[in-house]
Structures are given as C-alpha cells and as structure tokens.
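Here, each number is a calculation from the coordinates, and none is a lab measurement. These numbers were taken from a predicted model, which means no experiment stands behind them. So basically every Cβ, Gly included, is an ideal-geometry build from the backbone, and we count neighbours across all protein chains shown.
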Amino acid sequence: MITMNAIALAINSLLTNAFPADTVHVNLLPKDFERPSFLIELVDIERTQVNRSTIAVAAVFSVTCYIEVDGHYNADVDELAERQRKVMDLFLDGFLAVDDRCLEVQAAQGGVDFTESYIDLSFDYFDDRPVPGDAQPPMETVITNLSQEV
C-alpha cells in the first residue's frame with residue numbers, strides 16, 4: 001500500500017534535486033522559516049471501494065513556493081510565477097515514482113499572491129485494500145464419513 005507520507009517524500013525528492021539550496025518543509029512550516037523554501041501539504045484524500053481487495057485513491061497535495069521578501073514583506077510576483085512554473089515543469093511527464101510504482105499526477109497552477117505561489121498536485125490510483133483477518137481460527141482436522149448406497 002502506498003502511504004501519503006511516501007508520496008510527500010517523492011515530491012520532496014523532486015524538489016530537493018531541482019532546488020538543492022532550498023529547504024523543503026513537509027506538513028508544518030516553522031514560525032521563522034528561511035526563504036527561499038517550499039512547503040508540501042496533503043490537502044485532501046478520498047478512498048472508495050472498488051472490490052474486496054482494491055480501493056481507488058484520489059489524493060491532492062499542495063506545494064507552496066516561498067522566495068525572499070523585501071522590507072514591506074512583499075515578494076517579486078514575476079519571480080514567484082517563474083518558480084511556480086519550474087515546479088510544475090517537474091511533473092510534465094505526468095508520473096511520479098513512489099516506492100515501486102509510478103503514480104499518474106496532474107499538476108495545476110494554484111495561484112500567486114504577494115509572498116508565495118501554489119501548485120496543486122492530484123494523484124488518482126488504485127491500491128491494495130487490506131483484508132481484515134478472520135476472527136475464527138483455521139480448521140485443524142476434518143472428519144468425513146463416506147458411504148456408497150446401491
């Protein structure tokens with residue numbers, strides 16, 4: 001089964017390879033974080049039953065891009081948009097390697113404001129559904145009587 005943490009770590013790996021000098025935070029942003037940096041967050045997850053052993057998973061992650069700000073706490077909007085485009089380009093092939101799988105990913109522009117830009121990443125895939133164990137112990141012996149009537 002693929003965990004949401006495994007997906008976040010795969011996104012983290014892409015970002016750290018593309019932007020080696022920047023810090024990548026996952027789920028929590030420290031109070032006085034350094035810029036430039038990124039934040040990866042799980043926004044939404046939906047699991048639906050397909051059959052007894054399979055579930056369909058739809059997960060949405062957000063990547064927030066932070067760049068340096070000036071004395072008025074404003075960032076260069078063009079630089080934010082360019083950083084957003086570079087992050088989106090990391091997902092152009094449409095797949096993200098997670099553990100031993102390649103998940104289909106859709107990267108969509110989330111928005112740009114005065115201090116940060118956002119990218120939404122959507123993953124839709126099928127995964128194994130854990131089958132609960134039976135509470136009954138397995139049979140140890142079976143005794144049968146066979147008779148043949150004429």
State log₁₀ I(q)/I(0) for the stretch 4-128 at q = 0.09, 0.14, 0.16, 0.18 Å⁻¹ as given by the Debye formula over alpha-carbon point scatterers of equal weight, solvent excluded.
-> -0.27, -0.61, -0.77, -0.94
Assuming R0 = 41 Å, what is the FRET efficiency of Ala6 and Gln136, from their Cβ-Cβ distance, to the nearest 0.05?
-> 0.75
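Let me know the charge dipole size of the chain about its Cα centre in debye, to the nearest 20, where only the beta-carbon of Lys, Arg (+1) and Asp, Glu (-1) is charged.
Magnitude of the dipole: close to 300 debye.
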Choice from Gln106, Gln49, Gln84 showing the highest fluctuation, given a GNM over the chain with Cα pairs closer than 10 Å = Gln49
Packing-wise, with mean Cβ within 10 Å as the measure, how do 25-35, 58-68 rank, highest first?
-> 58-68, 25-35
Taking N as the number of residues in the stretch 75-120, what is its Cα Rg relative to 2.2 N^0.38 Å?
-> 1.33
Evaluate the relative contact order of the stretch 4-128 (contact order divided by residue number), counting alpha-carbon pairs under 8 angstrom at least 6 apart; express in whole percent.
-> 24 percent
What order do you get for 88-98, 109-119 when each peptide is scored by the mean count of other beta carbon atoms within 10 Å, highest first?
-> 109-119, 88-98
Give the residue from Ser53, His72, Phe114 lying farthest towards the positive end of the charge dipole for the stretch 4-128; charges sit on Cβ (+1 for Lys and Arg, -1 for Asp and Glu) and the dipole is referred to the Cα centre.
-> Ser53
For the chain, longest principal axis from Cα atoms; helix 77-89 axis from its Cα atoms; angle between them, nearest 10 degrees, is 30 degrees
Calculated from DSSP helices alone, with each H run of at least 4 adding -39500 (n - 2.57) and the total divided by the residues of the chain, [θ]222 nm to the nearest 500 comes to -6000 deg cm²/dmol
